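Presented below is the structure to which this report refers.
The values are calculated or read from the model by the stated rules, or taken from the named source; none is laboratory data. This is a predicted model, so every value here is computed, not measured. Here the Cβ is made from the backbone with ideal geometry for all residues, glycine too, and neighbour counts use every protein chain on show.
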């Protein structure tokens with residue numbers, strides 16, 4: 001079996017990049033609609049944080065805010081080529097780095 | 001933090017004796033995949049109509065099994081369709097069940113010989129997450145790559161062979177609709193029996209790997225056991241090892257508070273590598289068709305409008321389109337009852353058949369049109385991808401009450417009938433949120449309350465106008481709907497803060513791409529729902545029907561050999577005038593008035609009639625007398641039954657309906673023993689309030705029993721709704737009297 005092993009410690013990678021481009025670290029709920037970003041960390045604990053990560057929101061993953069629901073909550077984001085709805089309270093636990 | 005690195009069986013599974021084993025028992029294959037990955041379509045394509053649906057023991061998770069004819073000369077396999085899941089780490093009951101089945105821990109379900117992982121080609125990375133976990137179970141895995149045509153259209157070139165090499169298992173591209181790739185899939189499954197799968201193929205950070213190595217010692221099996229012990233919820237039973245694991249966790253946590261996330265991140269890193277190697281073509285950022293549709297459908301202003309329109313159509317369908325087939329069923333069973341009466345000698349057996357059994361069966365089947373219609377729309381909306389959008393739009397509002405966005409649809413359908421509404425709560429994953437939704441669904445004013453409202457308004461408020469143009473009747477009906485909604489909101493809030501206490505349900509919801517609904521899936525879903533209802537709820541409804549019949553038939557009125565307590569049947573045959581028996585003289589429509597007198601006497605003599613007297617002191621504060629008490633008892637079967645019961649009590653014949661002048665007259669003229677009128681406008685309003693809030697519907701009780709798998713919840717529901725209804729009626733009547741309205 002020729003299985004490629006995973007790249008190690010992706011978080012450090014993004015931190016470097018964040019410094020290089022002097023981009024801001026914010027939580028996902030603060031992004032404006034249409035903004036592109038990359039996940040830095042999922043800070044929550046427990047089932048919700050785990051579910052978010054299982055759905056592909058892991059450090060290093062690109063995300064884009066597509067829109068927010070008519071009453072301002074939940075948010076719709078695009079991650080890993082599909083669309084995910086999550087509440088602002090959940091988005092708050094995800095810190096992201098803005099991409100130019 | 002549980003993890004799925006389980007390997008109950010050794011690394012090499014059963015010897016590769018697939019053919020020999022097949023002589024003993026059929027091959028067991030399990031279908032596992034993300035929701036919306038095309039699993040149901042594939043299951044239907046592989047099994048055709050040869051499938052059965054039941055529940056897993058003790059829970060309400062559906063167990064779907066079918067027969068898959070793998071190859072013409074081989075014994076067919078048993079194909080298990082597992083609930084759709086994103087991960088094997090159990091956060092919902094569905095995932096727990098799937099996990100137990102896949103690891104062979106589910107009673108009555110053999111561990112699968114081969115797992116078919118259903119993977120949506122247009123959404124490869126997230127779908128592969130589950131696959132990494134399936135590979136870790138060390139059972140033979142075959143990947144079925146669905147939506148391959150859609151991926152090609154989206155300019156995604158997937159090298160199926162390379163993908164298979166990277167994953168270490170066979171990958172087969174399938175298109176269920178065109179039945180493409182199904183034979184190849186069968187072949188892949190057969191050759192996968194007993195074949196070793198790669199297991200854990202990702203690596204953690206060096207620091208974490210050190211800890212794993214420290215715990216593992218040598219060998220791949222040791223590494224997997226160490227990973228499982230460190231990163232799963234449970235601790236190993238062995239004391240020394242538990243100590244070592246706890247220390248390893250503490251060291252890891254000191255370095256990184258999110259240490260538990262490492263396996264999740266590592267799996268995705270590995271998946272990115274796999275995808276990079278086998279997918280060509282960019283996943284363009286050009287807005288997809290779905291995104292363009294969503295510009296309208298989840299738009300700030302148009303979104304709610306579209307939702308309103310969609311719901312309007314659904315509501316219209318179950319509220320009015322269903323009435324024609326429902327009337328037909330009603331009349332059919334009424335005619336059948338009459339026919340039975342006409343061709344059998346009068347007596348108890350005939351009465352039991354006509355009024356107990358036939359009326360009971362009719363009472364079950366009469367719900368089928370609504371159930372079929374609602375589930376037609378639900379399946380259509382689910383399959384097309386709209387349902388998640390509705391939850392997305394409604395989530396903020398529903399959360400205010402502590403409910404999930406997905407509770408919206410079931411609650412709305414409950415305005416037509418709570419039964420399909422309660423059955424539709426299955427889409428809500430969290431059991432507590434689902435229970436809270438079920439518990440408040442019957443407060444939505446369903447169509448069975450309308451005859452009661454109609455009678456009350458026709459008798460006391462028909463001509464009245466407010467300010468000269470607002471109809472008091474319409475205003476009252478509107479108030480009744482609003483009363484139900486208000487009480488539902490309050491009860492939901494209370495439940496969510498007491499016995500069903502739980503943090504507000506999280507919303508992490510996939511908004512799948514829009515797809516043309518698969519009509520086979522839709523038809524299959526309708527069939528399954530209808531059958532489950534008839535089989536499980538139907539038996540309870542039938543039993544209660546017969547019980548109620550007995551309550552109203554015994555003891556017999558002394559001078560009347562066979563009057564027939566036609567109460568239950570009266571609801572069924574309410575519009576039966578003219579369809580009378582021909583030969584018989586003792587029974588029939590021709591002597592409605594005389595028969596009604598006998599029936600009335602019988603009813604007053606019966607247990608139900610006596611119960612009416614017994615409960616009179618209790619219901620007197622609500623403004624009700626004992627005759628209304630009989631109506632209330634009968635209406636426990638179904639709300640609309642009170643109309644036919646009152647007709648019998650007031651001697652106007654069982655054929656009267658809610659708007660027949662004779663019944664309205666009788667209600668207006670009914671007197672108490674002291675000569676005062678039994679009904680007043682205030683009594684009528686009190687009665688309506690009672691009907692909004694009390695759970696007088698045995699079918700709802702039966703369905704809640706089925707959906708919660710216990711008698712505890714339905715009984716609690718009957719009790720608390722009765723208390724609320726009593727209190728509200730009490731306040732209405734006594735308050736009204738204090739204000740001088742009595």
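Only one entry of B:298, B:289, B:284, B:340 meets the criterion of being modelled with pLDDT of 85 or more, over 27 Å from the mean Cα position of the chain (by Cα) and under 19 Å from residue A:84 (Cα atoms), and that entry is B:289. In the set (1) surrounded by fewer than 17 Cβ atoms within 10 Å (Cβ to Cβ); (2) within 14 Å of another protein chain (Cβ to nearest Cβ); (3) at pLDDT below 85, the condition left unmet by residue B:253 is number (3). Restricting attention to segment B:369-386, the residues that are more than 11 Å from residue B:424 (Cα to Cα) and under 12 Å from the mean Cα position of the chain (by Cα) total 0. Any residue that is more than 25 Å from residue B:698 (Cα to Cα), touching a residue at least 12 places away in the same chain (Cβ under 8 Å) and in contact with a helix residue (DSSP H, G or I) (Cβ under 6 Å, 6 or more places away or on another chain) - is there at least one of those in segment B:341-363? Taking every residue of segment B:341-363 in turn, at least one turns out to be more than 25 Å from residue B:698 (Cα to Cα), touching a residue at least 12 places away in the same chain (Cβ under 8 Å) and in contact with a helix residue (DSSP H, G or I) (Cβ under 6 Å, 6 or more places away or on another chain). On the given criteria, is residue B:150 within 14 Å of chain A (Cβ to nearest Cβ), touching a helix residue (DSSP H, G or I) at 6+ places or on another chain (Cβ under 9 Å), under 25 Å from residue A:83 (Cβ atoms) and surrounded by fewer than 19 Cβ atoms within 10 Å (Cβ to Cβ)? When the stated conditions are applied, residue B:150 passes them.
The set of residues in segment B:495-517 that are touching a residue at least 12 places away in the same chain (Cβ under 8 Å) and either in the same structural domain as residue B:404 (by TED's automatic domain parsing) or buried (at least 20 other Cβ atoms within 10 Å of the Cβ) (or both) comprises B:495, B:496, B:505, B:507, B:509, B:511, B:512, B:513. Taking segment A:26-46 as the range and being outside any strand (DSSP E or B), in contact (Cβ under 8 Å) with a residue 60 or more places away in the chain and either touching a helix residue (DSSP H, G or I) at 6+ places or on another chain (Cβ under 8 Å) or within 8 Å of another protein chain (Cβ to nearest Cβ) (or both) as the test, the residues that pass are A:28, A:29.
In segment B:299-322, the qualifying residues are those that are in a helix (DSSP H, G or I) and without any contact (Cβ under 8 Å) to a residue 40 or more places away in the chain, and the one that is farthest from the other protein chains (Cβ to nearest Cβ) is B:320.
Among the residues of segment B:206-218, are any surrounded by 13 or more Cβ atoms within 10 Å (Cβ to Cβ), closer than 23 Å to residue B:88 by Cβ and within 12 Å of another protein chain (Cβ to nearest Cβ)? Yes, there is a match, as at least one residue in segment B:206-218 is surrounded by 13 or more Cβ atoms within 10 Å (Cβ to Cβ), closer than 23 Å to residue B:88 by Cβ and within 12 Å of another protein chain (Cβ to nearest Cβ).
Consider residue B:383 carefully, then state whether it is within 14 Å of another protein chain (Cβ to nearest Cβ), modelled with pLDDT of 80 or more and closer than 25 Å to residue B:514 by Cα. Quick ask: steps written out before the conclusion?
Working: within 14 Å of another protein chain (Cβ to nearest Cβ): no; modelled with pLDDT of 80 or more: yes; closer than 25 Å to residue B:514 by Cα: yes.
Judged against the criteria, residue B:383 is not a match.
Restricting to segment B:505-521, what's the tally of residues that are under 18 Å from residue B:179 (Cβ atoms) and either assigned to a helix (DSSP H, G or I) or within 14 Å of chain A (Cβ to nearest Cβ) (or both)? So the count comes out to 4.
Considering only segment A:67-94, state which residues are assigned to a strand (DSSP E or B) and facing chain B (nearest Cβ under 7 Å). I'd like the intermediate steps shown before the answer.
Keep residues of segment A:67-94 that are assigned to a strand (DSSP E or B), which gives A:67-68, A:75-79, A:82-86, A:94.
Scanning segment A:67-94 gives A:67, A:76, A:82, A:83, A:84, A:85, A:86.
Scanning segment A:47-65 for residues that are more than 7 Å from chain B (Cβ to nearest Cβ) and surrounded by fewer than 20 Cβ atoms within 10 Å (Cβ to Cβ) gives A:60, A:62, A:64.
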